[in-house]
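This report concerns only the one structure given below.
The values are calculated or read from the model by the stated rules, or taken from the named source; none is laboratory data. Predicted, not measured: the structure shown is a model, and the values here were computed from it. A quick note on method: Cβ atoms are made from the backbone with ideal geometry, for glycine too, and the neighbour counts reach across all protein chains shown. Just the protein is used for accessible areas: all its heavy atoms, side chains included, with ligands, DNA and RNA removed. Shrake-Rupley method; radii C 1.70, N 1.55, O 1.52, S 1.80 Å.
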Amino acid sequence: MKVTVLTAFPEFLDSFLTTSIVGRAVERGLIDVKAVNLRDFSEGNYHQIDDYSFGGKGGMTIMPQVLERALASVRTNPEAKVLFPTPTGAVLTQDLVESLAQEKELIVICGHYEGLDERFVRECVDLEYSIGDYVLTGGEIPAMTLIDALSRLVPGVVGKELSVTDDSFYNGMLDTPHYTRPAVWHGQEVPEVLTSGNDAQIEKYRKRTAAFLTLSRRPDLLSRAGVMDYLEDEVYLGLAVSPHEPTLACDLAQIAETAQAYGVARVIAAPQQREDFDALRDALSECPEIKCVPSVRRMTEWAERKKHAPLLVIAAEAQPGIPWLEAKRRMIETSGPVLILFGAQPQRENVIAMRPQQTTGGELPRTALVAATLDRFFGSR
Ligand code: 6GU
């Protein structure tokens, strides 16, 4: 990947491009980053690159013809994406970084003072981005921010000991806290499990602390996070159905496949009417992956007995009910298995009534409703 930064202060990037992980990546040729001086494309004897803003209060704006010359000079690829860091841009997220990492060439044009002439922005800039809701004096730090985030996605830049899959925002979750020696500092001990040597328990602890940290600090991230790996226990999908529906076996086979794709541990079906149990078993004789029980009550009993832990039931088609995002939070908080139930709303403890998906043109078919629901909980981004 090639990144060119057009700036009036190229020396601003010197130590960034020669130090630490980014410096090593540049040195090894894993990324090609250059800072080019906008003043090399200035106007007249005074080497002017900016001028007073029309209608402004004395602020300066970089002139479009300077920018045009600079851009023409550094662009080697007509496909290169031109970026302008500005507080009025779209917020730079890990998603946006990942999408920019697909590009072969980026050109980042740093404004100072009041920015770039808007006509140039309109004509030549592909993306305006901001690094957060505060105002900086120029685009150099946002340019370095982007390059830093991009570089660590380039294979080989970050060693495998710093696995990208453990990072914040992977799966849409924050990272877990980290500890090192000494094991006791100022009377504070390192969480015991981390020194236990039990890899499975350590992984579980890290996932759970990441989930709780995200829940408390950045609940806004949860809507896009895939939470399956972050739960305390297994997830089951329950369906209360009528065996007289002609497409039942086919629907349920599809649902079982969908559930498996999202990591659901087991799909369980029960008849809406208890006397239909035999008919349901017959209908599902070709679907051994679906567990068949006589009633919703037996379904919840089975899940509880299997895990010996309190079961959280999410009744997915309840009216009235809480929004799905609230149910997702409760799912993370619970300390036992979860049953997501369609077609019934049992009267028992620990049942969350969840509103169905809002649609504008009528109801979703059951297979689609299940897929959409599972995706909101277990699909990431
Ligand atoms: Cl991209 N530029 C400037 N000047 N200030 C900012 C910013 C960018 N993002 C947040 N504040």
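For the structure I just gave you, tell me whether residue 6 is over 22 Å from residue 150 (Cα atoms), touching a strand residue (DSSP E or B) at 6+ places or on another chain (Cβ under 8 Å) and buried (at least 19 other Cβ atoms within 10 Å of the Cβ). Before you say what the answer is, go through the steps one by one.
On the way: over 22 Å from residue 150 (Cα atoms): no; touching a strand residue (DSSP E or B) at 6+ places or on another chain (Cβ under 8 Å): yes; buried (at least 19 other Cβ atoms within 10 Å of the Cβ): yes.
Taking the combined requirement at face value, the residue does not satisfy it.
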Does residue 129 satisfy the condition of being open to solvent by 10 Å² or more (accessible area, probe 1.4 Å), more than 17 Å from residue 38 (Cβ to Cβ) and near the ligand (Cβ under 7 Å from one of its atoms)? no
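Kindly check whether there is at least one residue in the range 89-99 that is under 20 Å from residue 41 (Cα atoms) and out of contact with any strand residue (DSSP E or B) (no Cβ under 7 Å at 6 or more places or on another chain). Give the steps one after another, and end with the answer.
Of the range 89-99, the ones under 20 Å from residue 41 (Cα atoms) are none.
No, the conditions are met nowhere in the range 89-99.
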Can you tell me which residue in the range 255-293 is modelled with the lowest pLDDT, limited to those that are assigned to a helix (DSSP H, G or I) and crowded, with 17+ Cβ neighbours inside 10 Å? 283
Between a first residue in the range 270-287 that is assigned by TED's automatic domain parsing to the domain that holds residue 248 and a second residue that is outside any loop (DSSP other than H, G, I, E, B) and open to solvent by 100 Å² or more (accessible area, probe 1.4 Å), which pairs have beta carbons less than 7 Å apart while being 6 or more apart in sequence or on different chains? 270/298
Just checking, does the range 121-140 include any residue being more than 21 Å from residue 79 (Cβ to Cβ), of a type in the set (Asp, Glu) and part of a loop (DSSP other than H, G, I, E, B)? yes
Selection within the range 294-317 - of a type in the set (Gly, Ala, Ser) and surrounded by 18 or more Cβ atoms within 10 Å (Cβ to Cβ): 303, 315, 316
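Could we say that residue 103 is within 16 Å of the ligand (Cβ to nearest atom), surrounded by 12 or more Cβ atoms within 10 Å (Cβ to Cβ), among the charged types (D, E, K, R) and in contact (Cβ under 8 Å) with a residue 40 or more places away in the chain here? Break it down into steps so the answer makes sense when it comes.
Values: within 16 Å of the ligand (Cβ to nearest atom): no; surrounded by 12 or more Cβ atoms within 10 Å (Cβ to Cβ): yes; among the charged types (D, E, K, R): yes; in contact (Cβ under 8 Å) with a residue 40 or more places away in the chain: yes.
Taking the combined requirement at face value, the residue does not satisfy it.
Among the helices (runs of 4 or more DSSP H) lying completely within the range 1-109, list those that include at least 1 residues that are more than 30 Å from residue 169 (Cα to Cα). I'd like the intermediate steps shown before the answer.
Working: elements: 14-18, 20-27, 64-74, 94-100.
Filter on the range 1-109 gives 64-74.
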When you check residue 251 against the structure, is it in contact with a helix residue (DSSP H, G or I) (Cβ under 7 Å, 6 or more places away or on another chain), at pLDDT 95 or above and in a loop (DSSP other than H, G, I, E, B), yes or no? no
